[in-house]
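A.B. asks: Starting off with a structure, shown below.
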């Protein structure tokens, strides 16, 4: 009988806001650092405060931070990003 069927939850609407859409790349990178030491190109670029396009250009030129390919995905380890940032920065002046 139709009256005995359990009530179904309301359907999800596509207009419902997706909480991940409002997050910035830096926030996602911060969460990724806590959960996994590997970041995507976009997250790594946000972490380094450069554009993803610049990071891709550096990678192609062999001048960017060390990266790994996990299947077809490029991943950057947080420690590699920190080391590259430290080593590639301009020397500090002794003022």
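Read-outs: derived from the displayed coordinates by stated rules, not from any lab. Keep in mind that this is a model prediction, so the values were computed, not measured. Heads up, the Cβs are rebuilt from the backbone with ideal geometry, glycines too, and the neighbour counts pull from every protein chain shown.
A.B. asks: When both residues are 6+ apart or on different chains and their Cβ atoms are under 6 Å apart, which pairs have a first residue that lies in region 67-82 and is in a loop (DSSP other than H, G, I, E, B), and a second that is surrounded by 11 or more Cβ atoms within 10 Å (Cβ to Cβ)?
C.D. replies: 67/74; 67/76
A.B. asks: Here is a follow-up. Just to verify a result, which residue in region 36-58, among those that are touching a strand residue (DSSP E or B) at 6+ places or on another chain (Cβ under 7 Å) and part of a helix (DSSP H, G or I), is surrounded by the fewest Cβ atoms within 10 Å (Cβ to Cβ)?
C.D. replies: My answer is 41.
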